[in-house]
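Visitor: Have a look at the structure that comes next, please.
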Ligand code: ADP
């Protein structure tokens with residue numbers, strides 16, 4: 001059987017097709033600029049001889065329904081999916097499940113309503129997901145759609161971790177609390193890390209750091225999330241590519257009162273113009289690294305602020321967990337930047353965190369690996385994330401086929 005994973009946004013749909021027998025990814029791609037005069041379709045697939053092939057076209061894609069039609073046509077024409085009946089499930093990435101979901105669910109009308117109910121909490125994401133889910137259900141009524149939520153893994157947090165210290169009615173009436181995101185990634189790398197440690201996940205305490213364009217940390221006790229750095233939205237926490245992460249809320253008041261910015265302008269400033277981009281004008285860590293090596297001071301400062309924030313979270317989560325078996329790095333920066341890993345772990349030997357420079361800097365190293373010195377009690381692991389695979393496997397489990 002095969003499982004199709006869809007990540008449907010407001011104007012694009014990313015997809016990946018897996019073969020469930022060996023979980024090989026046999027095709028992936030995206031349709032972009034849905035609703036614009038000129039859309040784009042990119043498709044990559046595994047050929048029978050094991051090589052990769054790709055096509056790219058521009059054409060108008062007026063609606064999400066036509067977007068999914070295009071995806072199915074690409075999958076069929078490339079031989080990746082002869083017929084939709086080969087699909088055991090369609091796994092949909094859903095950013096926000098609010099308080100409703102702590103695990104993946106087969107989508108029915110009630111689930112659609114529950115996802116719609118939390119649109120105010122994720123206005124940029126959930127409407128696009130709903131569009132993809134509704135079209136998939138209409139086009140393929142015999143294939144179960146499974147919603148997999150970025151927030152689900154964090155639902156084990158206690159109120160002490162998820163409540164903000166603000167008036168209670170904002171929580172009870174407006175559901176303003178911390179939810180956390182990137183849960184599918186934190187859960188995936190935690191499971192893989194447990195395998196590397198040779199222990200059941202339920203016996204592992206870990207701090208997982210997902211460092212990509214978006215970035216978040218999670219504290220995991222006995223396999224369950226007890227804290228995470230993102231909050232009501234993915235804006236809270238670590239320094240990100242274009243998001244500020246933690247900030248004194250009075251900065252917003254200052255922006256309103258003294259600079260006359262309105263809510264949309266503040267939203268844009270903190271989500272799209274801040275973070276690494278705000279500090280040094282660039283949001284790509286590779287480029288920032290290059291600039292810093294040339295002595296560019298804003299680039300060096302951007303790295304410094306990022307590392308300072310990371311250390312704060314590592315320390316806070318260590319204190320929360322008491323005992324830590326592994327510190328796990330993932331995401332584009334976590335997997336590839338030896339420098340960020342080394343600086344985030346620098347000076348933490350009293351906590352049992354000690355990097356092995358040779359292992360950390362090995363340029364040919366790929367895949368899951370340990371980069372800590374034997375003397376360090378805490379294993380520092382690099383685990384490439386694979387959210388699509390996790391969604392596919394959770395979808396398969398939800399339909400009872402795994
Ligand atoms: P997204 O959150 O969009 O999925 P990724 O997980 O792909 O993002 O991470 C993107 C980030 O990873 C970018 O800042 C990019 O510069 C960084 N990155 C990728 N490769 C390297 C590298 N070799 N060294 C440093 N940073 C890297």
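Visitor: Of 64, 100, how do they rank once you tally other Cβ atoms within 10 Å and put the fewest first?
Guide: Neighbour counts put them in this order, fewest first: 100, 64.
Visitor: Per 10 Å bin, what percent of the C-alpha pairs of segment 63-165 does each bin hold, from zero upward?
Guide: Taking all Cα pairs of segment 63-165, the binned fractions are 14, 42, 28, 12, 4, 0 percent.
Visitor: Direction-averaged shadow area of the convex hull around the Cα atoms of segment 339-384, nm²?
Guide: The orientation-averaged projected area of the Cα hull of segment 339-384 comes to 3.0 nm².
Visitor: Additional query: Of 255, 201, 291, which is the most mobile in a GNM of the chain whose springs link Cα atoms less than 10 angstrom apart?
Guide: Highest fluctuation among the options: 255.
Visitor: Ratio of segment 250-402's C-alpha Rg to 2.2 N^0.38 Å, to two decimals?
Guide: Taking the Cα Rg and dividing by 2.2 N^0.38 Å, one obtains 1.29.
Visitor: Most exposed first by the Cβ proxy, i.e. fewest other Cβ within 10 Å, how do 228, 184, 242, 385 rank?
Guide: Neighbour counts put them in this order, fewest first: 242, 385, 184, 228.
Visitor: How would you rank 123-129, 314-320, 33-39, highest first, on the average number of other Cβ atoms within 10 Å across their residues?
Guide: Top to bottom by mean Cβ count within 10 Å: 123-129, 314-320, 33-39.
Visitor: Before rounding to the nearest 500, sum -39500 (n - 2.57) across all DSSP H runs of length at least 4 in the chain and divide by the residue total; then give [θ] at 222 nm in deg cm²/dmol. Don't skip to the end; give the middle numbers.
Guide: On the way: 15 runs with 152 residues, N = 402.
My calculation for the chain gives -11000 deg cm²/dmol from helical runs alone.
Visitor: Specify the angular offset, from 0 to 90 degrees and rounded to the nearest 10, of the alpha carbon long axis of helix 250-259 from the longest principal axis of the alpha carbons in the chain.
Guide: Value to nearest ten degrees: 80.
Visitor: Antiparallel DSSP bridges in the chain: what percent, to the nearest 5?
Guide: Details: 43 of 62 bridges.
If we restrict to bridges inside the chain, about 70 percent are antiparallel.
Visitor: Could you give the radius of gyration (one decimal) and Dmax (whole number) of the Cα atoms in the chain, in Å?
Guide: So, for the chain, Rg and Dmax equal 21.5, 64 Å respectively.
Visitor: Over segment 32-165, what is the percentage of antiparallel beta bridges among all DSSP beta bridges, to the nearest 5?
Guide: 70 percent
Visitor: OK, next. May I ask you to sort 220, 176, 106, 355 by Cβ crowding, counting other Cβ atoms within 10 Å and putting the fewest first?
Guide: Taking fewest neighbouring Cβ atoms as first place, the list is 106, 176, 355, 220.
Visitor: Where q = 0.12, 0.22 Å⁻¹, what log10 of I(q)/I(0) comes from the Debye formula for segment 156-277, counting one point per Cα?
Guide: Rounded to two decimals, the profile gives -0.53, -1.23.
Visitor: How far is helix 387-398 tilted, in degrees, relative to the longest principal axis of the Cα atoms in the chain, given as a value from 0 to 90 rounded to the nearest 10?
Guide: Taking the Cα atoms of the chain, the angle to 387-398 is about 60 degrees.
Visitor: Which residue fluctuates the most in the chain, going by a Gaussian network model with Cα springs under 10 Å, if the choices are 246, 49, 83?
Guide: 49
Visitor: Oh, and also: Using the Kirkwood radius over C-alpha pairs as Rh, can you work out the diffusion coefficient of segment 280-339 via Stokes-Einstein at 20 °C, viscosity 1.002 mPa s, in µm² per second?
Guide: D = 166 µm²/s.
Visitor: Follow-up. Mind listing P(r) for segment 1-67? All alpha-carbon pairs, 10 Å bins, whole percents.
Guide: The distribution over segment 1-67 is 22, 45, 26, 7, given as percents.
Visitor: Please state, rounded to one decimal and in Å, the Kirkwood hydrodynamic radius that segment 1-129 gives when every pair of distinct Cα atoms enters the mean of 1/r. Don't skip to the end; give the middle numbers.
Guide: Details: mean 1/r = 0.0640 Å⁻¹.
Evaluated over segment 1-129, this radius sits at 15.6 Å.
Visitor: Computed over the Cα atoms of segment 213-329, what is the ratio Rg over Rh, Rh following Kirkwood?
Guide: 1.03
Visitor: Further, regarding this structure: Rounded to the nearest Å, what's the spacing between the alpha carbon centres of segment 11-46 and segment 292-330? Just the number, please.
Guide: 34 Å
Visitor: Let me ask something additional. For helix 297-321, what angle does its Cα long axis make with the longest principal axis of the chain, in degrees from 0 to 90 and rounded to 10?
Guide: 90 degrees
A short reminder: the numbers here are calculations on the coordinates, not readings from a lab. What you are looking at is a predicted structure, and each value in this text was computed from that prediction instead of being measured. Because the Cβ atoms are built from the backbone with ideal geometry, glycine has one as well, and the counts that use them run over all protein chains shown.
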